[in-house]
1. For the condition closer than 18 Å to Ile206 by Cα and touching a residue at least 60 places away in the same chain (Cβ under 8 Å), what is the one hit in Ala268, Ala257, Ala241?
2. I'd like the residue in region 224-272 that is among the basic types (Lys, Arg) and assigned to a helix (DSSP H, G or I) and, out of all such residues, is farthest from Thr197 (Cα to Cα).
3. Quick one: in region 207-227, of everything that is touching a Gly at 6+ places or on another chain (Cβ under 8 Å) and among the aliphatic types (A, V, I, L, M), which residue is surrounded by the fewest Cβ atoms within 10 Å (Cβ to Cβ)?
4. I'm trying to understand the selection: among the residues of region 409-439, which are surrounded by fewer than 20 Cβ atoms within 10 Å (Cβ to Cβ) and among the hydrophobic types (A, V, I, L, M, F, W, C)?
5. Here's a check for you: in region 9-36, which residue that is in contact (Cβ under 8 Å) with a residue 60 or more places away in the chain and under 12 Å from Gly363 (Cα atoms) is surrounded by the most Cβ atoms within 10 Å (Cβ to Cβ)?
6. Restricting the search to region 69-98, which residues are in a helix (DSSP H, G or I) and either over 22 Å from Ala254 (Cβ atoms) or in contact with an Asp or Glu (Cβ under 6 Å, 6 or more places away or on another chain) (or both)?
7. Has region 174-188 got any residue that is over 19 Å from Glu219 (Cα atoms), surrounded by fewer than 19 Cβ atoms within 10 Å (Cβ to Cβ) and hydrophobic (A, V, I, L, M, F, W, C)?
Amino acid sequence: MNVLLIGGGGREHALAWKIAQSPLLGKFFAIPGSPGIKDFAECVEDISINDNAALVTFAKERAIDLVVVGPEAPLVNGLADALNTAGIKSFAPTKDAAQIEGSKIFAKRLMKKYGIPTADFEVFDNVDAAKDYIRKKNAPIVIKADGLAAGKGVIVAQTLDEALNAVDEMKNFGAAGSKIVVEEFMAGEEASVLALTDGETIIPLIAAQDHKRVNDGDEGLNTGGMGAYAPAPIVDDKIAAQVEEKILKPTIAALKAEGIIYRGCLYAGLMIKDGAAKVVEFNCRFGDPETQVVLPLMESDLLELMNACADGTLSGKKISWSKDSAVCVIMASGGYPKTYKKNLPIDGVTKAKALGAMIFHAGTKIIRNEECAISNEDENNSSLYISNCSLVTSGGRVLGVTMTAPTLREAVDKVYKCVEVIHFDDAHYRKDIAARALR
């Protein structure tokens, strides 16, 4: 099968790494790809992931058999619909289905209508009305931008002043924050369960736990994710069965009742307390960085499963899993998720890989050395080093460093040894990934 992967972040690098292991794979392309994805696929950087017409044309010209869409923006932009119209198969929910992430209001109303457990909420498009409601409810309380905000449009306010300020901050997200959801604060333990579906059959993947806050101890601003581990012990067999029967299956059925067939990956962000799970949010794609710990533990052929989702033939498929644990630590640029520097040389990737780490590129690029200081990376041992060029930072989240081991304790110890040998100026990472599970 000729495959086209859309995206260039850490999630897409993990997807590329896993897809490349499939004996079904023919030619492999990525738009735009990344320095890491270049190890597995031919990267095409001159096409925008939001240009549906250009992506369809490319897929036709290269005789692509399956398009795998990584990020949420192209899904909300209707890329799957454009591909379907052109007769090109995709592992991707349609624009209507992608509303489950593209509009928190749509998702909350769907859950309320069909009795899917989630926090109580109200919707506002008026700042004063939202603030009046918050004053009545008091804090802690959660304020969410309705639209896409790169994982940063959620503020968990612990005080009334924080909550009122959060309403004003929603305008920073432009159209995405023109309508907001104000919902009750849910205490408990968070977990993420991703599931593959063809619109009928649902296969949940092993549970992971993301770390959203930028600093240790779950302090600071929300981010796109600072690290993850799998499996998450909070999701035992009983909780896993409950999530499948009371959340995943009813959600796919609810969408179908609304005339929407959901095919692809459905991400359920959960809050678990007293043996019960509620939905914090849905995403219409693989999680990032959860993908970087879930896929290294998957022993089955991901491409075969994705193709079955696209074909509507997932029934009867099973997934086998390693009994190991996996931990991913995100190395970010200092200042993230606010302002940060770019084009900082990265050293030590080769050393970390020699220690057994999987390095997933979230925000890197390769530039000519005259544009920056020369990296100390060993060009003879690194597939990422290109003659007369350097690997540099290009985003807030820069690298996802992942290790697997027979126990979670071993995986944590090993991953931090790998993180310590990678360097770029003002690098920031959390030092407590998986600490809650170890406790």
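1. Numbers: Ala257 fails: closer than 18 Å to Ile206 by Cα; Ala241 fails: touching a residue at least 60 places away in the same chain (Cβ under 8 Å).
That would be Ala268, the only listed residue that is closer than 18 Å to Ile206 by Cα and touching a residue at least 60 places away in the same chain (Cβ under 8 Å).
2. Within region 224-272, the subset among the basic types (Lys, Arg) is 238, 246, 249, 256, 263.
If we keep only those that are assigned to a helix (DSSP H, G or I) as well, we get 238, 246, 249, 256.
Details: Lys238: 21, Lys246: 16, Lys249: 10, Lys256: 12 Å.
Result: Lys238.
3. Here the residue is Val214.
4. Residues satisfying the conditions are Val421, Ala427, Ala435, Ala437, Leu438.
5. In the first step, residues of region 9-36 are kept if they are in contact (Cβ under 8 Å) with a residue 60 or more places away in the chain; the result is 9-11, 13-15, 17-19, 21-25, 34-36.
With under 12 Å from Gly363 (Cα atoms) added as a condition, the list becomes 9-11, 13, 34-36.
Working: Gly9: 24, Gly10: 31, Arg11: 25, His13: 33, Ser34: 28, Pro35: 23, Gly36: 28.
Across region 9-36, the extreme among qualifying residues is His13.
6. Here is the first cut: in region 69-98, the ones in a helix (DSSP H, G or I) are 72-76, 79-85, 95-98.
Within region 69-98, Glu72, Ala73, Pro74, Leu79, Ala82, Leu83, Thr85, Lys95 meet the criteria.
7. First pass over region 174-188, keeping only residues over 19 Å from Glu219 (Cα atoms): 174-184.
Filter once more, so that each one left must be surrounded by fewer than 19 Cβ atoms within 10 Å (Cβ to Cβ): 174-175, 178, 184.
Subset that is hydrophobic (A, V, I, L, M, F, W, C): 175.
Scanning region 174-188, I find at least one residue that is over 19 Å from Glu219 (Cα atoms), surrounded by fewer than 19 Cβ atoms within 10 Å (Cβ to Cβ) and hydrophobic (A, V, I, L, M, F, W, C), so the answer is yes.
Matching residues to (1) within 25 Å of the chain's Cα centre (by Cα); (2) in a strand (DSSP E or B); (3) among the β-branched types (Val, Ile, Thr):
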{"position": "Ala130", "(1), (2), (3)": "no, no, no"}
{"position": "Val142", "(1), (2), (3)": "yes, yes, yes"}
{"position": "Lys152", "(1), (2), (3)": "yes, no, no"}
{"position": "Ala163", "(1), (2), (3)": "no, no, no"}
{"position": "Asp168", "(1), (2), (3)": "no, no, no"}
{"position": "Ala175", "(1), (2), (3)": "yes, no, no"}
{"position": "Glu190", "(1), (2), (3)": "yes, yes, no"}
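Each reported figure results from applying straightforward, stated rules to the coordinates on display, with no laboratory input. Just so it is clear, the model here is predicted, and its values are computed rather than measured. As a convention, Cβ positions derive from the backbone with ideal geometry for all residues, glycine included, and neighbour counts pool all protein chains shown.
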